[in-house]
Amino acid sequence: MDKIKQDLMKEVADLIKQGGVVAFTGAGISVESGIPPFRGAKGLWSKYNPEEYAYIETFLRNPEKVWIMLREMYRCFSEAKPNLAHLVLAEFETKGYLEAVITQNIDSLHQKAGSKKVIELHGSGDRLVCLDCEKEYPFIEEYLKLTPYPKCKRCNKPLKPAIVFFGEPLPEKALSQAFELVKSCKVLIVIGTSGVVYPAAYLPYEAKRSGAKIIEINPEESAYTNSITDYFFKEKAGEFFKNLSFFYN
Ligand code: APR
């Protein structure tokens, strides 16, 4: 690591140690756990056009088709374990630096890493819900074997993962908690998101407007990099946190 990078790392580590930190994460933080991001060559959306597969209207009209994509999504999740980035965020919370993780991810890896305060903006794949009677079922792998799709035991209607499809509103409580958190945080660490899916994508702008410093980690530039980011680390999340560990212990 060159001297400029070392100084930057130290500055960022000192900022984090002052507390009042919130993390905002996207699919990129789980890439090193083996889950490809949505957008990009190996992403789910390059195989399944989201216009066709990820809208709630499609699910309502043709659940069988959407479950083909969902089975593949769940298979990517099944082997995945938290990586260093998830683990360090959980450690930051234990140390009192980090107030919460706001995530767009539905893979539960922050919770598996030990994070306690996790705001899930796009719901979670850890349960299935009946759109008719609203009964919830904890997700188990067995559901992936059911054809044409898993059904509610009570009303025989298709079950849908408790994730937010395009065209569905975000969970109200999670969204308002997220806005409160970014308005009052001192530092927002933005990890692995392209920043193109709204309303979640507003959060870093809101944090910046409220005076927070924005630290961003992403091997590619995002919508935020040249507009609001104060410290940009153009690298994988795992690499960043490995380097950071030399400065914050
Ligand atoms: N570390 C950090 N960032 C990474 C890594 C990595 N190892 N690998 C890739 N990235 C970055 C990519 O450069 C990209 O900017 O992660 C980002 C992933 O972007 P998207 O696939 O668009 O994922 P995300 O921003 O979470 O998508 C938002 O869109 O499809 C919907 O609901 C879905 O929650 C999702 C939302």
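The values are calculated or read from the model by the stated rules, or taken from the named source; none is laboratory data. Predicted, not measured: the structure shown is a model, and the values here were computed from it. Here the Cβ is made from the backbone with ideal geometry for all residues, glycine too, and neighbour counts use every protein chain on show.
A few remarks follow.
- In segment 1-35, residue farthest from Q111 (Cα to Cα) [restricted to those that are within 8 Å of the ligand (Cβ to nearest atom) and not in a helix (DSSP H, G or I)]: G26
- A90 being in contact with a Gly (Cβ under 7 Å, 6 or more places away or on another chain), in the same structural domain as V12 (by TED's automatic domain parsing) and near the ligand (Cβ under 10 Å from one of its atoms): no
- Where strands (runs of 3 or more DSSP E) fall entirely within segment 144-232, those with at least 2 residues that are over 25 Å from Y53 (Cα atoms) and either in contact with a Ser or Thr (Cβ under 6 Å, 6 or more places away or on another chain) or in contact (Cβ under 8 Å) with a residue 12 or more places away in the chain (or both) are at 187-191, 213-217.
- Segments classed as helices (runs of 4 or more DSSP H), wholly inside segment 42-101, with at least 1 members that are in contact (Cβ under 8 Å) with a residue 40 or more places away in the chain: 50-53, 56-61, 63-78, 84-95
- Checking each residue in segment 110-168 for being within 16 Å of the ligand (Cβ to nearest atom), surrounded by fewer than 16 Cβ atoms within 10 Å (Cβ to Cβ) and small (G, A, S) picks out only G167.
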